[in-house]
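The structure appears below as C-alpha cells.
The values are calculated or read from the model by the stated rules, or taken from the named source; none is laboratory data. Predicted model, so just to flag it, every value in this text is computed and none were measured. Reconstructed Cβ throughout: ideal geometry from the backbone, glycine too, with neighbour counts over all protein chains shown.
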Amino acid sequence: MPTPFYYYDLDLLKKTLDNATGKASKFNFQLHYAVKANANERILEIIKSFGLGADCVSGNEIKRVIEAGFPTDKILFAGVGKSDHEINLALDHSIFCFNVESIQEMEVINELAQRKKKVATIALRINPGVNPLTHFYITTGIEENKFGINPIDFEEAVTRLSQLKNLHCIGLHFHIGSQITDMSVFIELCTRINQTQEWFSQHNIPVDHINVGGGLGIDYQYPEKHSIPDFDTYFRLFGDNLNLRPGQQVHFELGRSIVAQCGSLITRVLYTKRGTQSIFLIVDASMTELIRPALYQAFHKIDNLTSTKPSVRYTIVGPVCESSDQLGKHIELPETRRGDLMAVRSTGAYGEIMASRYNLRDLPRASYSDQF
C-alpha cells in the first residue's frame, strides 16, 4: 500500500477490549467508547461486538455509530456546543442520555423536546475543579474552563430543572481531561463526585447514574512493554473510592486507552538532509496525518522498520510547508536512508480521526493486521 497509511493491529485491539470489559465487569461498570478517538469503521465494528456503548460529541458521530450497529439506548451525547440540528437528531433516535454542559443548553433541549412531544433524558456535566496534571489543551475539569456546570450555578440548575418539564435528569457526568497517568488524580475526582452527588441528592435531584468520564493515559514511551493499560488498578480505584448507593450505575467513557496502542502510522523516508545541528529525515507523512506533535508537542515512539545499522540521532519532519511539521525531534534510530519504512507508534487514538487536507494532501488510508 502506498505510504503514508495507518496500520491497525486488530488482535491487540481485541485483547485490549477483552481486558477492559473483563476488569469492568467485576464492578458492574458500564463502558462507552469515546468515538472522537477513532471513528474508523472496522475499529467501531469490533468495539461494538464487545458490547460497549458510544460516547459521541457530534451529530455525525451519532450517525456513524448507529450505522455501525451500536444500540441507541447505549449512546451518550456530550459537548459544549450541540447545535439544534444535532439535538433534534439525537431526540429522533431516542438516545440514552444527553450530557448537558450549561443551563442554557438545558433550556434549548427542553424546548426542542417539547416541540417533538418527547422527554429528553439528561445528566448534568459537572466541573469538579480537579487538575488532571496533563497538557493544558486536554484539561477539561478546572475552574476556568468551557466544559461543565460550575458549583456556583448548582442552585440555578436545580431551580430550572424543576421548571423544564421535558427534561428527565438521571444523574451526573464528570470528565476532567485526557492522557492522565497519575492515578491519584482519580482518587481526588472520586472525592468530588461523592460530595457533589450528596449535594444533589439533598436537593431532590436523582443520581441513579454516575458518569466518571475517561482520561486513562497510555505509555507512549514504551508501547510494546505496556501495550494494554492498567485497567485493573483504574477500575478498582473507582470501586474502592466511590460512595455508591443501591442501584446506582457507573459509566465510563474510554477512548485513547482502548485504541491508541493498536495503531501505527507507516511512512517512508523521502530524503535525508544535514543541517547545522541536526540530521533531518524528511518523510512522506506529516502533520496532516498526525497533528498531535505539532498541536501538543506530543511524543510518539518512532521505529525504522527497514534498517538495523548503528544508531544516529535524527529530527523527523514532514513535507508540509510549516516549521511545526515535525513528528519527532532528536530521535535515536538505526542509520536511515531514502526509501526506509518508518512506524510512528501509539497513533490509534487522535491520529487518523484528526487528519486534514491542508496543502491539499490526500487523507491517509488504513490497513489491518488481518489483511497480511
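Before moving on, here are some points about what is shown:
- Residue check, GLU253 in the same structural domain as VAL320 (by TED's automatic domain parsing) and charged (D, E, K, R): no
- The residues in the stretch 164-195 that are of a type outside the set (Phe, Trp, Tyr) and part of a helix (DSSP H, G or I) can be counted, and the count is 11.
- Per-region count, the stretch 340-363, residues more than 18 Å from LEU12 (Cβ to Cβ) and in a loop (DSSP other than H, G, I, E, B): 7
- Residue in the stretch 283-298 that is within 25 Å of SER184 (Cα to Cα) and not hydroxyl-bearing (Ser, Thr, Tyr) present: yes
- Failed condition for VAL158, given (1) under 25 Å from ILE95 (Cβ atoms); (2) part of a helix (DSSP H, G or I); (3) modelled with pLDDT under 90: (3)
- Residues in the stretch 67-74 include none that are among the small types (Gly, Ala, Ser) and either touching a strand residue (DSSP E or B) at 6+ places or on another chain (Cβ under 7 Å) or assigned by TED's automatic domain parsing to the domain that holds LEU341 (or both).
- Screening GLN221 on (1) assigned to a helix (DSSP H, G or I); (2) modelled with pLDDT of 95 or more; (3) not hydroxyl-bearing (Ser, Thr, Tyr) shows it passes everything except condition (1).
- Filtered by the rule that a residue be farther than 17 Å from ARG274 by Cβ and touching a residue at least 24 places away in the same chain (Cβ under 8 Å), the stretch 311-327 gives GLY318, PRO319, VAL320, CYS321, GLU322, SER324, ASP325, LEU327.
- Pairs, first assigned by TED's automatic domain parsing to the domain that holds ALA298 in the stretch 350-370, second part of a helix (DSSP H, G or I) and modelled with pLDDT under 95, C-beta under 7 Å, six or more apart: none
- VAL317 aliphatic (A, V, I, L, M) and touching a Ser or Thr at 6+ places or on another chain (Cβ under 7 Å): no
- Being part of a loop (DSSP other than H, G, I, E, B) and surrounded by fewer than 18 Cβ atoms within 10 Å (Cβ to Cβ) is not true of ARG236.
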